[in-house]
Amino acid sequence: MRILLALDESARAVDEAVKLAAERGSGLTALFVQDTTWHDYLGSDWLSGSNARGGYIEWAAEHDMREAAGLPELLREKTRGIDFELKVASGRVPEEILKELASGAYDLLVMAQPFRRGLEVLRDTAAGLIPKLPCSLYLVREQKD
Amino acid sequence: MEERGFLGKLAAIVPGLAMMVVTLYLLKQVVEPWLAGVAVFGQKGYITKSIGLNYVLMSILVGMAYRNLLFRGSIPGWAAEGFRTTRLFIKTGVIMLGSLYTIQSLAKVGGLAIALIVAFVFGTIFFVMWMGKKLGMDRSMVGVMGAACGVCGVSAAIATSPGVKAKPAEVALAIATILGFGIMSMFITPPIGRALGLSDYQFGAWVGTGILNSGQVLATCLSFNPAIAPGTAVAYGEIWNVVRVISIPFVVFFITLWYWRGEAQEEHMSLWGILKSKFPIFVLGFFGMTALSSFDMLGKEGSETLHMLRDWMAWIFGIGMVGLGAYIDFGEIKKAGGAPLKIGVAAGTLKLVLSLVIILLFIGKEASF
């Protein structure tokens, strides 16, 4: 069975997942989800024109992609000797994590708490996932700013 | 993703929109008249007039209850498209509001509005820059908070963020702060205005200057006095709102310039480019309606056309207010914190209090409208 690591800004969560995978001798999949929920979040903003709103949503998506660009190299470096793969998805973060877990290939999910990726900083990602999880969960505590 | 045709898109809007319309109908036509007849402390109309629990405030409250209680934090797929029309309703309403003015009346009150807005917008931006430096905050976040606190909350924050390279996660926290403060202002300012005996003119000028988010200025004015006619709170508040909206591209230019002057690497930008991409075009519709009204093309004051137009506006804004409430997610707002929260609360409180003091000291009860 494999470990699924939900990626956010946390380096600690990555280190913990890599450590666990090495100790257990299991494979590790890192999932990077590009948050696409800005469109809904800005729904109440009646003032800005579609250019300004669209410009921002584009900027947020580009920012996520730039963050993802350096990940493969960084993660491969950290996961030497471990069966590792990186997956990229886009959508609402908890939904994409659950979709990946639904494959049945995982027995453990590792993620940071609080989870910092796009609009998830405003949501309790882990609390929303817990009732629906088909596997165990390891939350890596992050210091608040 | 599955592509829908025009009819499919229209059908997707119906359930959510129907929910907003039915909600407003019940609140406006059934609940408010009933509440107006209930006697409290031996006084009929105490709830709707003295407490101010009119259909506008109830629409926002019910919208909030839908989002946070009924929908448990997120608008479900079947209603999402309908609720998304909120933006369209409020924008249409604001364009129609242009009919409350004439070019002459705008010229009379507009000068004061411009002076107050320019002073408060740039005063707030400088305050945020100063406080951000004191707190050791990231420059890009100072830029976003400066725009958000200075001009019009969410719109200004998203217009500025790409230019100052703000991280989306931090923009989300900044927006949560602004919305949280705006919601609080939306509920506390009408009772304060009534307690201080502010006129519609004074109240409109106060909240138009002092409240951070423009959507909430509109909601607050309508909550203070739901009447839509020349000389009401919404008529005055909206002049301030429109001046703020027009200032967005200039503020974005100023803040982006400030940001890049402090960075080693410079980025090319032009005011014209920012104006083209950030200018809210619907404002032209607002002025178009003012022009029609100035030449009596919508009928004289008291005409059937104007009466009908104002009646429509009440319904259009009412539907928009249900939607506005439904986009308020307490779970998300609760997550606001850190330096953006400190700056937002400090700048927001200062702006609200200082603008009230100026209104009380220098603005008379009646405008020469």
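Condition test on B:Val154, is it among the aliphatic types (A, V, I, L, M) and modelled with pLDDT under 85?
yes
Need a quick list: helices (runs of 4 or more DSSP H) entirely within segment B:278-369 having at least 2 residues that are more than 14 Å from chain A (Cβ to nearest Cβ) and not β-branched (Val, Ile, Thr).
The helices (runs of 4 or more DSSP H) meeting that bar are B:282-294, B:304-326, B:338-362.
Table: residues versus (1) buried (at least 20 other Cβ atoms within 10 Å of the Cβ); (2) more than 9 Å from every other protein chain (Cβ to nearest Cβ); (3) among the hydroxyl-bearing types (Ser, Thr, Tyr).
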site	(1), (2), (3)
A:Glu23	no, yes, no
A:Trp59	no, no, no
A:His63	yes, no, no
A:Pro94	yes, yes, no
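List every residue pair whose Cβ atoms sit under 7 Å apart, with the two residues 6 or more apart in sequence or on different chains, where the first one lies in segment B:157-174 and is over 13 Å from A:Gly55 (Cβ atoms) and facing chain A (nearest Cβ under 7 Å) and the second, anywhere, is outside any helix (DSSP H, G or I) and aliphatic (A, V, I, L, M).
Listed by first residue and then by second, the contacts come to B:Leu173/B:Ala336.
Can you confirm whether segment B:65-78 contains a residue that is out of contact with any Phe, Trp or Tyr (no Cβ under 9 Å at 6 or more places or on another chain), more than 14 Å from B:Ile319 (Cα to Cα) and hydroxyl-bearing (Ser, Thr, Tyr)?
Looking through segment B:65-78, at least one residue is out of contact with any Phe, Trp or Tyr (no Cβ under 9 Å at 6 or more places or on another chain), more than 14 Å from B:Ile319 (Cα to Cα) and hydroxyl-bearing (Ser, Thr, Tyr).
Looking at A:Ile82 and the list (1) more than 14 Å from every other protein chain (Cβ to nearest Cβ); (2) aliphatic (A, V, I, L, M); (3) within 19 Å of the chain's Cα centre (by Cα); (4) not in a helix (DSSP H, G or I), which single condition is not satisfied?
Here A:Ile82 clears every test but (3).
Would you check which residues across segment B:265-315 are surrounded by 12 or more Cβ atoms within 10 Å (Cβ to Cβ) and among the aromatic types (Phe, Trp, Tyr) and list them?
Result: B:Phe279, B:Phe282, B:Phe286, B:Phe287, B:Trp312, B:Trp315.
Does B:Leu17 count as in a helix (DSSP H, G or I), of a type in the set (A, V, I, L, M, F, W, C), exposed (fewer than 15 other Cβ atoms within 10 Å of the Cβ) and at pLDDT 85 or above?
Values: in a helix (DSSP H, G or I): yes; of a type in the set (A, V, I, L, M, F, W, C): yes; exposed (fewer than 15 other Cβ atoms within 10 Å of the Cβ): no; at pLDDT 85 or above: yes.
Spelling it out, it is not the case that B:Leu17 is in a helix (DSSP H, G or I), of a type in the set (A, V, I, L, M, F, W, C), exposed (fewer than 15 other Cβ atoms within 10 Å of the Cβ) and at pLDDT 85 or above.
If you check every pair at least six apart or on different chains, which have Cβ atoms under 9 Å apart with a residue in segment B:62-89 that is surrounded by fewer than 21 Cβ atoms within 10 Å (Cβ to Cβ) first and a residue that is part of a helix (DSSP H, G or I) and of a type in the set (Asp, Glu) second?
Correct list of pairs: B:Gly73/B:Glu332; B:Ser74/A:Asp40; B:Ala80/A:Asp40; B:Arg84/A:Asp40.
Of all residues in segment A:91-121, which are part of a helix (DSSP H, G or I) and touching a residue at least 12 places away in the same chain (Cβ under 8 Å)?
Of everything in segment A:91-121, those that are part of a helix (DSSP H, G or I) and touching a residue at least 12 places away in the same chain (Cβ under 8 Å) turn out to be A:Val93, A:Pro94, A:Glu96, A:Ile97, A:Leu98, A:Glu100, A:Leu101, A:Gly118, A:Leu119, A:Glu120.
When the residues of segment A:1-40 are filtered to those that are modelled with pLDDT under 90 and assigned to a helix (DSSP H, G or I), which remaining residue is nearest to the chain's Cα centre (by Cα)?
Applying the filter and picking the extreme gives A:Ala11.
Please go through (1) touching a helix residue (DSSP H, G or I) at 6+ places or on another chain (Cβ under 7 Å); (2) within 30 Å of B:Leu292 (Cα to Cα); (3) modelled with pLDDT under 85 for B:Gly111 and return the number of the only condition it doesn't satisfy.
(1)
Condition test on A:Leu133, is it more than 10 Å from chain B (Cβ to nearest Cβ) and surrounded by fewer than 20 Cβ atoms within 10 Å (Cβ to Cβ)?
Numbers: more than 10 Å from chain B (Cβ to nearest Cβ): yes; surrounded by fewer than 20 Cβ atoms within 10 Å (Cβ to Cβ): yes.
Spelling it out, A:Leu133 is indeed more than 10 Å from chain B (Cβ to nearest Cβ) and surrounded by fewer than 20 Cβ atoms within 10 Å (Cβ to Cβ).
Restricting to segment A:76-90, name every residue that is of a type outside the set (A, V, I, L, M, F, W, C) and touching a residue at least 12 places away in the same chain (Cβ under 8 Å).
A:Lys78, A:Thr79, A:Gly81, A:Asp83, A:Glu85, A:Lys87, A:Ser90
Looking at segment B:91-115, which of its residues are of a type in the set (S, T, N, Q) and either more than 19 Å from B:Ala219 (Cα to Cα) or more than 18 Å from the chain's Cα centre (by Cα) (or both)?
B:Ser99, B:Thr102, B:Gln104, B:Ser105
On the given criteria, is B:Ile228 over 15 Å from the mean Cα position of the chain (by Cα), farther than 30 Å from B:Trp130 by Cα and away from chain A (no Cβ under 14 Å)?
Considered against the rule, which asks whether it is over 15 Å from the mean Cα position of the chain (by Cα), farther than 30 Å from B:Trp130 by Cα and away from chain A (no Cβ under 14 Å), B:Ile228 comes out as yes.
The values are calculated or read from the model by the stated rules, or taken from the named source; none is laboratory data. Please read these numbers as outputs of a predicted model, since none were measured by experiment. Heads up, the Cβs are rebuilt from the backbone with ideal geometry, glycines too, and the neighbour counts pull from every protein chain shown.
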